[in-house]
Amino acid sequence: MKALLLGNAAVARGAWEASVAMGCGYPGTPSTEILEHLGRYKDVLVQWAPNEKVAYEVAMGVSLSGHRALVTMKHVGLNVAADPFFSSSYMGVNGGLVVACADDPGMHSSQDEQDNRHFARAARVLMVEPADAAEARWMTAAAFSLSERFDTPVLLRLTTRVCHQTALVELGDPPTADAANAAGHGYRKNIAKNVLLPGHARQRRLVVEERMAAATAFSNESDLWNPVHRGTSSVGVVTSGVAFGYVREVLPDASVLKIGLSYPIPIARIRSFAATVERLYVMEELDPFLEDAIRAAGIPVEGSSLRPFCGELNLTLVEAAFRKASEHGCTNASLDAESVATPLEASPDAATPGASPDAATRGASADAATRGASPEAASPAASPLGGTEVPPRPPTLCPGCGHRGMFSLFREMKLRVMGDIGCYTLGALKPLAAMDACLCMGASIGMAHGLTRFASPEDSSRTVAVIGDSTFFHSGIPSLLDMIVHGSNATVVILDNRWTAMTGAQPNPGTGLDVNGKPAPRFDIPGVCRALGVRRVREIDPYQLEECRQALEEELAAPEVSVIVSYKPCLLGTPRPAIAPAVTIDLDACDRCGACIRVGCMALHEHDGYPTVDSALCTGCQICLQVCEPHAISVNGFTGQTSSSRTSTEVPT
Amino acid sequence: MSILNVLFCGVGGQGILTSSRILALAAMHAGLDVKMSEVHGMAQRGGNVDTHVRIGESVPSSLIAKETAHYLVAFEKLEALRNIDFLRPDGLAIVCPLEIPPLALSLKRNHSYLPHIDDILKRTAPRLEWVDAEAIARQMGDRRLVNVILLGALARHLDISTEHWKQAIRDRFSPAAQAACLDAFEKGATHDHMCTPA
Ligand code: SF4
Ligand code: SF4
C-alpha cells in the first residue's frame, strides 16, 4: 500500500515498522517532525531531551537494555552529541541504534552547512543515505538490522530536501508482537565491551576495525543498498542522496551507481562499475566525500569541478554540470549538449499526465527549449523582471511576540548583545538590528563572560547575554555556573516563552507538559538561577517597556552576575495566549517619526508615508504604543499618556 | 519523461502547504506519482513560502527548475512576482490579487508595496489569470477558504477528475469542514476569472 508521506514521517514509519521502542532527540529544522510523527504511534515512547547529547545517551541506555532506539537531531546537534557518538562506535549496541541526523544544505534554517557524512568516517560507523521519502522509510527500518548485525550505531544521514519532501511511500507491514519481542533481547552485562577504560577501549578499537572491514565487504556486495541502474549510454555516474533524482532526470540514459550505504564507501563496487563505463562522474551535494575516496583509490573521476561546493544542488545546476563536462573535452556522444535530456525540454505531445489536452498542446516554442536549457537564463540579467527588484520578505517575530519589547530596548539603549539561537535571533535583522553576535546553541553566556573580562568598565556595563528558555536548558546552565564561579559582573537576559518556539512550539523542561500534552514537572528558571548562586534574579514583563528599561539599567550597573527573566508565553504555545484588542493610530497626532515602524511588527505598515495597523494581525501587545512619543497610538482611548505603567484594569485582555 | 510542475507561493500562514498537499493527494488518487518540496522552520515566521509539486508517471526529484513550471498558483501579488521566473514561456500564473506588504523598515516611501505591480505582472507572466479568492472566501464567510478556491481555479486546467479532487479534499479536512471546502472548491472551479484585478 502507498501513502503520501513527508520524508520525516516516513522515517518515523520505518522506525515503527522496525519495532523501535523509543525515540528521543532535540528539535532542530529540518529534523523536528520525525519525533512528532513517531509520537503518533501509541506503542512507541517518545521524549524531547534538553539537548542532543542527553538524547544520545538516553538512546544508548535504551540500546543497552536490549531495545531499539531512534535518536534525532539536526546536523549541528551531532556536534553537541559528538562525545557519546564517537565512543558509542567502540561500545557498539545491544538493541539497534539509528541516529537520524538532518543536514541543511543551503542553510534554510541553520548557522552552518557542515556535511555530516564526515562524522561517519571520523567515528567509523555505518551510514545510510536515502534519496527520497520512500527510501527514508525502508532504509530507516533496515538500518536497525544493520546496526545489530554490525554491532554499531548507524548514521541515517538526511538532508532538507528528503526531510521536507512529501512523496508516495510504499508502506511496510506494521510490527507484529513477535517481531517486537525478537527485537528486544534483554540487557546483557559485558564490562569489557561497555566500560570504555583505556584497556578495554584498546581492544574495542581493533573490533571496530574488524567491523568496518566486514561492513566494507557487505557494502561492496549489496545490490539492495548500492544498486546499479544500467543505462544505454557509456557514461557512468556515482551518486547519493537527493543528487540521485537530479541525475536520473538530467541523464536518463546514463548508467548510475546509487550509493545508499555510503559509509564504508564501497570502493571495489565503484571500481568495477567504472570498468563498465567509458567516463565516470560523481554527483553529490556539498563536500566531495565520495569523490575524494574514489580519487584516492586511483579511479579517474570528475565531479566537484563541475558543480558548486556551497549550497544545494538542483536540476539546473546538475544539468549545467554535465553540460560543462561535455564542453570540456568529453567526447562521449551521450553528453553532447543536445542529448542531455532535460526536464526543461518542452515535449507537448508526450501529454503531461494530469494536464488537460488544452494545456499539453500549447507546448513550448523551440526558443523556450533553448532558453530554458541554458543556466544563464535563470540569471537576473535575463530574467523577465528586467531589473524590477522584488522587495524581500524575511521572517520576523510574530505580532505580539514578547521578544520584540526586549530587542527594541536593546537597540534604544545601544547595548552590546551576545545573542543565541531561537526565534529571537530574528532580533538581529532590521529594523531591530539589536544583536552583536550569535554563534551556536548556548554560546551567549560564555561569550558575554569572555567579552566583559576584556572590555572597558563602560563597555562591560553595556553588555548583555540573551538566551531563550529552551537554549538555557540546552547548554546555557554550565556557562552561567562558569560566570558565577569566576566572579563575572555580566548581565544575562533569559527570554522565557515556555516553548521551543522556532521549531514550531515543542515542550521543553520549562513548559510543564510532555510531548503528548500531559502534565510534567516544570523547571522554574528564576528558582534554578537562585539555587546556582545568582543573588540578583528578577522577573519582568517584556510588554512593560519602562519597567524593563529600569531593570536593565539597574542590573547592568550591578557589580555581580545578574539574571533578568523576561516572561511572556509564545503565541504559538498551547493553550494559545489570549489576544487583546488591536491598537488604532490617530493620524492627526502622528508626527511620522517612524518609531512604531521600527519595532518591526508585521501588523504595522507604511501607507502614504503614515503608519497603519492591520487589526487582523495586531495582538494588542501595546509595544508600539509605548514607543510613540506624540501618543498617536491608542487602544480603547488609552495612549499611555497619563502613566507609563498600566494596570490590568485599563487593558482588557 | 513528462512531468507536470505546479508551484504554489505566498506568505506563511496562508494555507499554501494545505493546497499543495491536496493537489498531491488528488494526483495520488488519479494513480500518478508525485513528489513535492515543502518549507518548514524559520521561513514560516511571516516570510515568503513556496512549495513545489511535481506529478507524472514517475517523478525522480522534487524541486522545480526555473522556467519549467506549467502553473504558478500565487496567494499574493508580490510573491507571484518573486516566483514568476519559474514559469515556462507558455506557463499560466493564477494569482489572487491580494497585497500583503512585507515588513516596513521605515516610513520612507521606498519600502511601500511595489507600485504598478499589476502592470509588471501582466508584462512578465506569459499568461495570467486573476482569481479573487479572497473576495469569494469573504462572501462565503471564512477567509481560510482561499486555498481551496485557488485549487478549484487550478483544477479546471488539469486532467484530474472531480472525484479525485473531492476525495483529496475529504482526506485533508474534518467531516465538519468538508462541505464548505467542497463548495469553495466548486466556486473556484466555476468562477469567471478577471482579466484585471478588482
Ligand atoms: S513563535 Fe513565539 S517566540 Fe517565535 S516570534 Fe512568534 S511569538 Fe515570538
Ligand atoms: S501593532 Fe503594535 S500593539 Fe499591535 S501587535 Fe504590533 S506592536 Fe503590538
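Does the stretch A:545-558 contain at least one residue that is open to solvent by 20 Å² or more (accessible area, probe 1.4 Å) and part of a loop (DSSP other than H, G, I, E, B)?
Taking the stretch A:545-558 first, the residues open to solvent by 20 Å² or more (accessible area, probe 1.4 Å) are A:546-547, A:549-550, A:553-554, A:557.
Next cut, part of a loop (DSSP other than H, G, I, E, B) only: none.
No, the stretch A:545-558 contains no residue that is open to solvent by 20 Å² or more (accessible area, probe 1.4 Å) and part of a loop (DSSP other than H, G, I, E, B).
For the stretch A:603-617, give me each residue that is part of a loop (DSSP other than H, G, I, E, B), within 10 Å of ligand 2 (Cβ to nearest atom) and open to solvent by 20 Å² or more (accessible area, probe 1.4 Å). Explain how you work it out, then say what you get.
So the first thing to find is which residues in the stretch A:603-617 are part of a loop (DSSP other than H, G, I, E, B), and the list is A:603, A:608-609, A:614-617.
Then drop every residue that is not within 10 Å of ligand 2 (Cβ to nearest atom), which leaves A:603, A:614-615, A:617.
Across the stretch A:603-617, the qualifying residues are A:D614, A:S615, A:L617.
Being surrounded by 24 or more Cβ atoms within 10 Å (Cβ to Cβ), of a type in the set (D, E, K, R) and not assigned by TED's automatic domain parsing to the domain that holds A:L513 is true for just one of A:K74, A:K53. Which residue is that? Quick ask: steps written out before the conclusion?
Numbers: A:K53 fails: surrounded by 24 or more Cβ atoms within 10 Å (Cβ to Cβ).
Only one candidate qualifies: A:K74.
The conditions are (1) facing chain A (nearest Cβ under 9 Å); (2) open to solvent by less than 10 Å² (accessible area, probe 1.4 Å); (3) of a type in the set (A, V, I, L, M, F, W, C), and B:L114 fails exactly one of them. Which is it?
Single failed check for B:L114: (2).
Taking the residues in the stretch B:38-59 that are modelled with pLDDT of 95 or more and surrounded by 23 or more Cβ atoms within 10 Å (Cβ to Cβ) as candidates, determine which candidate is nearest to the other protein chains (Cβ to nearest Cβ).
Here the residue is B:I55.
Is it the case that some residue within the stretch A:451-469 is open to solvent by 40 Å² or more (accessible area, probe 1.4 Å) and in contact with a His (Cβ under 9 Å, 6 or more places away or on another chain)?
yes
State all residues of the stretch A:490-512 that are away from ligand 1 (no atom under 16 Å from the Cβ) and open to solvent by 10 Å² or more (accessible area, probe 1.4 Å); if no residue qualifies, say none. Break it down stepwise before answering.
Initial filter on the stretch A:490-512 (away from ligand 1 (no atom under 16 Å from the Cβ)): A:490-492, A:509, A:512.
If the condition is that a residue be away from ligand 1 (no atom under 16 Å from the Cβ) and open to solvent by 10 Å² or more (accessible area, probe 1.4 Å), then A:P509, A:G512 are the ones that fit.
Can you report the number of residues in the stretch B:118-134 which are within 15 Å of B:F86 (Cα to Cα) and in contact with a helix residue (DSSP H, G or I) (Cβ under 8 Å, 6 or more places away or on another chain)?
Selection size over the stretch B:118-134: 4.
Scanning the stretch A:298-321 for residues that are open to solvent by less than 30 Å² (accessible area, probe 1.4 Å) and away from chain B (no Cβ under 12 Å), which turns out farthest from the chain's Cα centre (by Cα)?
The residue in question is A:I299.
Restricting attention to the stretch A:391-430, which residues are within 14 Å of chain B (Cβ to nearest Cβ), open to solvent by 30 Å² or more (accessible area, probe 1.4 Å), charged (D, E, K, R) and away from ligand 2 (no atom under 15 Å from the Cβ)?
Correct list: A:K430 only.
Can you find even one residue in the stretch A:559-578 that is open to solvent by 40 Å² or more (accessible area, probe 1.4 Å), among the aliphatic types (A, V, I, L, M) and within 16 Å of ligand 1 (Cβ to nearest atom)?
Yes: the stretch A:559-578 contains one or more residues that are open to solvent by 40 Å² or more (accessible area, probe 1.4 Å), among the aliphatic types (A, V, I, L, M) and within 16 Å of ligand 1 (Cβ to nearest atom).
Is it the case, given these coordinates, that A:A505 is without any contact (Cβ under 8 Å) to a residue 60 or more places away in the chain, away from ligand 2 (no atom under 16 Å from the Cβ) and not assigned by TED's automatic domain parsing to the domain that holds A:T160? Quick ask: steps written out before the conclusion?
Working: without any contact (Cβ under 8 Å) to a residue 60 or more places away in the chain: no; away from ligand 2 (no atom under 16 Å from the Cβ): yes; not assigned by TED's automatic domain parsing to the domain that holds A:T160: yes.
Here the answer is no, as A:A505 does not meet what is asked.
What number of residues within the stretch A:403-418 satisfy the criterion of being within 14 Å of ligand 1 (Cβ to nearest atom) and not basic (K, R)?
Of the residues in the stretch A:403-418, the ones within 14 Å of ligand 1 (Cβ to nearest atom) are A:403-408.
Of the ones still in play, those that are also not basic (K, R) are A:403, A:405-408.
Summing the residues that are within 14 Å of ligand 1 (Cβ to nearest atom) and not basic (K, R) in the stretch A:403-418 gives 5.
From the list A:T342, A:T331, A:T361, A:T370, pick out the single residue that is within 14 Å of chain B (Cβ to nearest Cβ), at pLDDT below 50 and assigned to a loop (DSSP other than H, G, I, E, B). Write out each step before concluding.
Details: A:T331 fails: within 14 Å of chain B (Cβ to nearest Cβ); A:T361 fails: assigned to a loop (DSSP other than H, G, I, E, B); A:T370 fails: assigned to a loop (DSSP other than H, G, I, E, B).
Checking each option against the conditions leaves just A:T342.
Given the structure, is A:N516 away from ligand 1 (no atom under 16 Å from the Cβ), part of a loop (DSSP other than H, G, I, E, B) and polar (S, T, N, Q)? Can you show your working first?
Numbers: away from ligand 1 (no atom under 16 Å from the Cβ): yes; part of a loop (DSSP other than H, G, I, E, B): yes; polar (S, T, N, Q): yes.
For A:N516, the condition - away from ligand 1 (no atom under 16 Å from the Cβ), part of a loop (DSSP other than H, G, I, E, B) and polar (S, T, N, Q) - is met.
Quick one: count up the residues across the stretch A:526-543 that are open to solvent by less than 30 Å² (accessible area, probe 1.4 Å) and not in a helix (DSSP H, G or I).
Matching residues across the stretch A:526-543 total 4.
Condition (residue is touching a Lys or Arg at 6+ places or on another chain (Cβ under 9 Å) and either within 14 Å of chain B (Cβ to nearest Cβ) or farther than 30 Å from A:S31 by Cα (or both)) applied to the stretch A:466-486: is it met by at least one residue?
yes
Is it true that some residue in the stretch A:223-241 is of a type outside the set (D, E), part of a helix (DSSP H, G or I) and either touching a strand residue (DSSP E or B) at 6+ places or on another chain (Cβ under 9 Å) or more than 14 Å from chain B (Cβ to nearest Cβ) (or both)?
So the first thing to find is which residues in the stretch A:223-241 are of a type outside the set (D, E), and the list is A:224-241.
Then drop every residue that is not part of a helix (DSSP H, G or I), which leaves none.
Scanning the stretch A:223-241 turns up no residue that is of a type outside the set (D, E), part of a helix (DSSP H, G or I) and either touching a strand residue (DSSP E or B) at 6+ places or on another chain (Cβ under 9 Å) or more than 14 Å from chain B (Cβ to nearest Cβ) (or both).
Any idea how many residues of the stretch A:599-617 are of a type outside the set (G, A, S), within 14 Å of ligand 1 (Cβ to nearest atom) and either in contact with a helix residue (DSSP H, G or I) (Cβ under 8 Å, 6 or more places away or on another chain) or modelled with pLDDT of 95 or more (or both)?
We begin by selecting, within the stretch A:599-617, every residue of a type outside the set (G, A, S); these are A:599, A:601-602, A:604-608, A:610-614, A:617.
With within 14 Å of ligand 1 (Cβ to nearest atom) added as a condition, the list becomes A:599, A:601-602, A:617.
With either in contact with a helix residue (DSSP H, G or I) (Cβ under 8 Å, 6 or more places away or on another chain) or modelled with pLDDT of 95 or more (or both) added as a condition, the list becomes A:599, A:601.
Counting residues in the stretch A:599-617 that are of a type outside the set (G, A, S), within 14 Å of ligand 1 (Cβ to nearest atom) and either in contact with a helix residue (DSSP H, G or I) (Cβ under 8 Å, 6 or more places away or on another chain) or modelled with pLDDT of 95 or more (or both) gives 2.
Got a number for residues in the stretch A:588-601 being more than 6 Å from ligand 2 (Cβ to nearest atom), within 14 Å of chain B (Cβ to nearest Cβ) and either surrounded by 23 or more Cβ atoms within 10 Å (Cβ to Cβ) or over 16 Å from B:L103 (Cβ atoms) (or both)? Break it down into steps so the answer makes sense when it comes.
Of all residues in the stretch A:588-601, those more than 6 Å from ligand 2 (Cβ to nearest atom) come to A:588-598, A:600.
Next cut, within 14 Å of chain B (Cβ to nearest Cβ) only: A:590-598, A:600.
Narrowing the set further to residues that are either surrounded by 23 or more Cβ atoms within 10 Å (Cβ to Cβ) or over 16 Å from B:L103 (Cβ atoms) (or both) leaves A:590-593, A:596-597, A:600.
Number satisfying all stated conditions: 7.
If you go through the stretch B:128-165 one residue at a time, how many are more than 15 Å from the chain's Cα centre (by Cα), open to solvent by 70 Å² or more (accessible area, probe 1.4 Å) and under 25 Å from B:G56 (Cα atoms)?
3
Within the stretch B:72-87, can one find any residue that is touching a Gly at 6+ places or on another chain (Cβ under 7 Å) and either closer than 20 Å to A:A3 by Cβ or at the interface with chain A (Cβ under 7 Å from one of its Cβ atoms) (or both)?
From the stretch B:72-87, those touching a Gly at 6+ places or on another chain (Cβ under 7 Å) are B:72, B:74-76, B:79; that's our starting set.
In the following step, the residues that additionally are either closer than 20 Å to A:A3 by Cβ or at the interface with chain A (Cβ under 7 Å from one of its Cβ atoms) (or both) were identified as none.
The answer is no, given that none of the residues of the stretch B:72-87 is touching a Gly at 6+ places or on another chain (Cβ under 7 Å) and either closer than 20 Å to A:A3 by Cβ or at the interface with chain A (Cβ under 7 Å from one of its Cβ atoms) (or both).
Can you give me the number of residues within the stretch B:1-27 that are open to solvent by less than 10 Å² (accessible area, probe 1.4 Å) and assigned to a helix (DSSP H, G or I)?
Result for the stretch B:1-27: 8.
Looking at the stretch A:56-71, which of the residues that are open to solvent by 30 Å² or more (accessible area, probe 1.4 Å) and of a type outside the set (D, E, K, R) is nearest to the chain's Cα centre (by Cα)?
The selected residue is A:V58.
May I ask you to verify whether A:R576 is within 16 Å of ligand 2 (Cβ to nearest atom), free of Cβ contacts under 8 Å to residues at least 40 places away in the same chain and either more than 14 Å from chain B (Cβ to nearest Cβ) or over 26 Å from A:P630 (Cα atoms) (or both)?
Numbers: within 16 Å of ligand 2 (Cβ to nearest atom): yes; free of Cβ contacts under 8 Å to residues at least 40 places away in the same chain: yes; either more than 14 Å from chain B (Cβ to nearest Cβ) or over 26 Å from A:P630 (Cα atoms) (or both): yes.
The answer is yes for A:R576.
Within the stretch A:476-489, is even one residue assigned to a loop (DSSP other than H, G, I, E, B), in contact (Cβ under 8 Å) with a residue 24 or more places away in the chain, crowded, with 24+ Cβ neighbours inside 10 Å and in contact with a helix residue (DSSP H, G or I) (Cβ under 9 Å, 6 or more places away or on another chain)?
no
Among the candidates A:C590, A:C621, A:C596, A:C628, which residue alone is in contact with a helix residue (DSSP H, G or I) (Cβ under 6 Å, 6 or more places away or on another chain) and either within 16 Å of ligand 1 (Cβ to nearest atom) or not assigned by TED's automatic domain parsing to the domain that holds A:G427 (or both)?
Values: A:C590 fails: in contact with a helix residue (DSSP H, G or I) (Cβ under 6 Å, 6 or more places away or on another chain); A:C621 fails: in contact with a helix residue (DSSP H, G or I) (Cβ under 6 Å, 6 or more places away or on another chain); A:C628 fails: in contact with a helix residue (DSSP H, G or I) (Cβ under 6 Å, 6 or more places away or on another chain).
The match here is A:C596.
The values are calculated or read from the model by the stated rules, or taken from the named source; none is laboratory data. Being a predicted model, the structure only gives us computed values, none of them experimental. Virtual Cβ from ideal backbone geometry, glycine too; neighbours counted across all protein chains shown. Note: areas computed on protein heavy atoms with side chains; ligands, DNA, RNA excluded. Shrake-Rupley method; radii C 1.70, N 1.55, O 1.52, S 1.80 Å.
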